[in-house]
Amino acid sequence: MAASSLELLARSWRQQANPLQQSFSLLHSKSLTGLCTSTLAHSRSSSRGISSSGKKALCMPMQTVAAASAVAIETPSANLQLGPPESTPTWRASLDFKWIRENRDAIAQNIQNRNTIADVDLVVQLYDKSMALNQEVAKLRTDRNRVANAMKGKLEPDKRQELVEEGKRLKDVLAGLEAELTVLSEQLQREGQKIPNMTHPSVGVGSEEAATVRKMVGSKRVFEFPPKNHVDLGESLELLDFEAAAEVSGTKFYYLKNEGMLLELALINWALSELVKKGFVPYSTPDLVRSSVIEKCGFQPRGLNTQVYSIEGTDLCLAGTAEILMGGLYMDRILTEKQLPLKLVAFSHCFRTEAGAAGSATRGLYRVHQFSKLEMFVICKPEDSEKFHEELISIEEDFFSSLGLHFKTLDMPSEDLGAPAYRKYDVEAWMPGLDRYGEVSSASNCTDYQSRRLSIRYRPAENDPLTSRKGKPPSLRFPHTLNATACAIPRMIVAILENFQQPDGSVLIPKVLQSYMGGKELARNFVQHIELSNHLEAYGWKGREEWIVNRHLARVPALSGCSKLPAW
């Protein structure tokens, strides 16, 4: 068949395919998204993604649509199938596709262990095809240059015409192959970016139930009275106001007031001062971040079950964690080995959609749309990342021990790591009011997963045996990144209120925080406290009331000699 006939046939096939593509686009609209979303299980954190049952429910309608609309349309250049429309990557990760091909089996097993959606076989096929096409393009460019050089000399008219025709032919063929190579390169990036980080060999395989206990600190407090939950405590002590926040902003928002607001500032200032002593550089971050930076850090800002708020009509999103902003701070930068390690701590406001969250376990401050947090972030040499991971989790454990909390540290299993983490520790504190352990912190080693996507590199020292080249400067390397929660305010308040509540309804402030709260030892009803103080002064007590402080017994005002007291 002549080339022109093939072109006409291909054009006809493409025209027939267009209605099918349009049909799929309509089915892939918000109505289908809403239908699929209702079947998704709630993820444990923003990085965990969709549960296995949720994935199955999500994939079934998509597969049905694809089967109905993608009727194996063949073209002369390649065998392609119509499928869900996928956007062109807006950024490129420095993925080592050669390493991926050489470790295909290990990566496939890792994908299975993490229960995630990625296709390493497809990536390898695309890479091999890309390499072959690159070689073909390189050969054609060489031929084109040879023809161009040949035409510079004095030639017979027939010979020149022959070279002109050859040059046109090479140009047309090269343009087609270059266009095909561009599409192939974009598809390779898109599929390659879906592959998660590798997993530490000590990490267990499975869901959250497969987590192993790294450390258990303290024991559950035995109450001599029925303990309240933090919502009842916070409202009775005038520390929290959920009702007003719901009227103003909606559900899962809150006001902190009186000692509640002071407690937030005390936690931030205490944790920040301790980290600065340990060599961390303090930052505050913007609340908005580009969606591409979120993607480069391993999160999906516009997925079906996303935890990210997007700003309509822009490429901006509300940041869910300072980890993203701190990684973006060094994006597209080349560091020197002397600059490493970089130990940073950032205060930020965090915003989460908490899609799918419901039930009594999420009541109150435990799962909210907005909160304040201190986040540790480290950029280091690859050989040092496991050491810094231990340092970060040890800092967290020291913090919670200093507060007097009972907690356990878990080595999280493969399905709970999210895409970026090589290994992740979670800290769960006992929350008596909820009658369960609740996550209050985590620490993740992301190895070079984020630095390859953010294009953060460093130049090793001249004598580095891994990168030194004779007569040339050392080649650039990708550093490792780590992140850890120093203090997530709402859940810390939950743990403090519920663990340190007293029989009279007050709450003992942990000793390490008292100096950051003006010396206050107790959180109690602010209005009643002022009235009591004024009442005592009226009966000759010049200072504040005295309190008999006992952590596990009643807290009784020392009021001997006073005959008239409020009947509380």
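Note on the stretch 187-210: among residues that are of a type in the set (G, A, S) and open to solvent by less than 30 Å² (accessible area, probe 1.4 Å), the one that is nearest to M412 (Cα to Cα) is G204. Pairing each residue of the stretch 443-456 that is on the phi < 0 side of the Ramachandran plot with any residue that is of a type in the set (D, E), provided the two are 6+ apart or on different chains, yields C-beta distances under 7 Å for A443/E396; N445/E386.
Name the single residue that is surrounded by the fewest Cβ atoms within 10 Å (Cβ to Cβ) among those in the stretch 264-284 being at negative phi and in a loop (DSSP other than H, G, I, E, B). The residue in question is K278.
The strands (runs of 3 or more DSSP E) located wholly in the stretch 364-465 that include 1 or more residues which are under 27 Å from P286 (Cβ atoms) and aromatic (F, W, Y) occupy 370-380, 457-459. Only residues that are modelled with pLDDT of 95 or more, over 23 Å from Q514 (Cα atoms) and of a type outside the set (S, T, Y) were counted in the stretch 420-434, giving 7. Restricted to the stretch 227-263, and to residues there that are among the acidic types (D, E) and in contact with a strand residue (DSSP E or B) (Cβ under 7 Å, 6 or more places away or on another chain), the residue that is most open to solvent (accessible area, probe 1.4 Å) is D241. Tell me, yes or no, whether the stretch 162-169 has at least one residue that is closer than 26 Å to R141 by Cβ and in contact with a Ser or Thr (Cβ under 7 Å, 6 or more places away or on another chain). Taking every residue of the stretch 162-169 in turn, none turns out to be closer than 26 Å to R141 by Cβ and in contact with a Ser or Thr (Cβ under 7 Å, 6 or more places away or on another chain). For the stretch 476-548, the helices (runs of 4 or more DSSP H) that sit wholly inside it and include 1 or more residues that are open to solvent by 50 Å² or more (accessible area, probe 1.4 Å) and modelled with pLDDT under 75 are 526-538. Any residue in the stretch 457-467 that is among the hydrophobic types (A, V, I, L, M, F, W, C) and modelled with pLDDT under 95? Yes, the stretch 457-467 contains a residue that is among the hydrophobic types (A, V, I, L, M, F, W, C) and modelled with pLDDT under 95. Scanning the stretch 371-400 for residues that are of a type outside the set (S, T, Y), out of contact with any helix residue (DSSP H, G or I) (no Cβ under 9 Å at 6 or more places or on another chain) and either more than 30 Å from P460 (Cα to Cα) or open to solvent by 10 Å² or more (accessible area, probe 1.4 Å) (or both) yields a total of 10. In the stretch 224-253, the residues that are more than 21 Å from A523 (Cβ to Cβ) and outside any loop (DSSP other than H, G, I, E, B) form no Cβ pair under 9 Å with any partner that is open to solvent by less than 30 Å² (accessible area, probe 1.4 Å) and at pLDDT 95 or above, whether six or more places apart or across chains. Here G176 meets the list (1) surrounded by 16 or more Cβ atoms within 10 Å (Cβ to Cβ); (2) in contact (Cβ under 8 Å) with a residue 24 or more places away in the chain almost entirely, failing just condition (1). G404: modelled with pLDDT under 95 and at positive phi, yes or no? It is false that G404 is modelled with pLDDT under 95 and at positive phi. Looking only at the stretch 110-133, count every residue that is in a helix (DSSP H, G or I), farther than 25 Å from R477 by Cβ and either touching a Leu at 6+ places or on another chain (Cβ under 7 Å) or open to solvent by 90 Å² or more (accessible area, probe 1.4 Å) (or both) and tell me the total. Here the count works out to 6.
The values are calculated or read from the model by the stated rules, or taken from the named source; none is laboratory data. Quick caveat: nothing in here was measured; it's all calculated off a predicted structure. In this analysis, Cβ positions are derived from the backbone assuming ideal geometry, glycine residues included, and neighbour counts consider all displayed protein chains. The accessibility values were calculated without ligands, DNA or RNA, using every heavy atom of the protein model including side chains. Shrake-Rupley method; radii C 1.70, N 1.55, O 1.52, S 1.80 Å.
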